[in-house]
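The values are calculated or read from the model by the stated rules, or taken from the named source; none is laboratory data. Remember, it's a predicted structure, so these values are computed and weren't measured experimentally. Please note: Cβ atoms are built from the backbone with ideal geometry, for glycine as well, and neighbour counts cover all protein chains shown.
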């Protein structure tokens, strides 16, 4: 699905973690970092245990040079990923966190 179709679903009242995560991911790929952050924040309100949302949220924040917020997102994301056994996501977020210094 494309971003326009997903935004239309949102306008029609369909709202859930997967929809917001997908929109956040598409916005991030399109370098629309502000929109990505908004959608990923909503995704995390629906499901705080979605480690990949934390990863993309941190990436979007880092792109806007909001380093402290990105670091906090990665730390939280690593905790979430480790608690779920999501080793790959935790490993990636550690690398991103290290790059932020």
Condition check for residue 76: touching a residue at least 40 places away in the same chain (Cβ under 8 Å) and within 12 Å of the chain's Cα centre (by Cα): no
Tabulated pairs, segment 30-52, first farther than 13 Å from residue 80 by Cβ, second modelled with pLDDT of 95 or more and in a loop (DSSP other than H, G, I, E, B), C-beta under 9 angstrom, 6+ apart or interchain: 33/64; 34/64; 36/30; 37/64; 37/66; 42/15; 46/15; 46/16
Matching entry among 89, 81, 62, 70 (being under 22 Å from residue 23 (Cα atoms), within 11 Å of the chain's Cα centre (by Cα) and touching a residue at least 24 places away in the same chain (Cβ under 8 Å)): 70
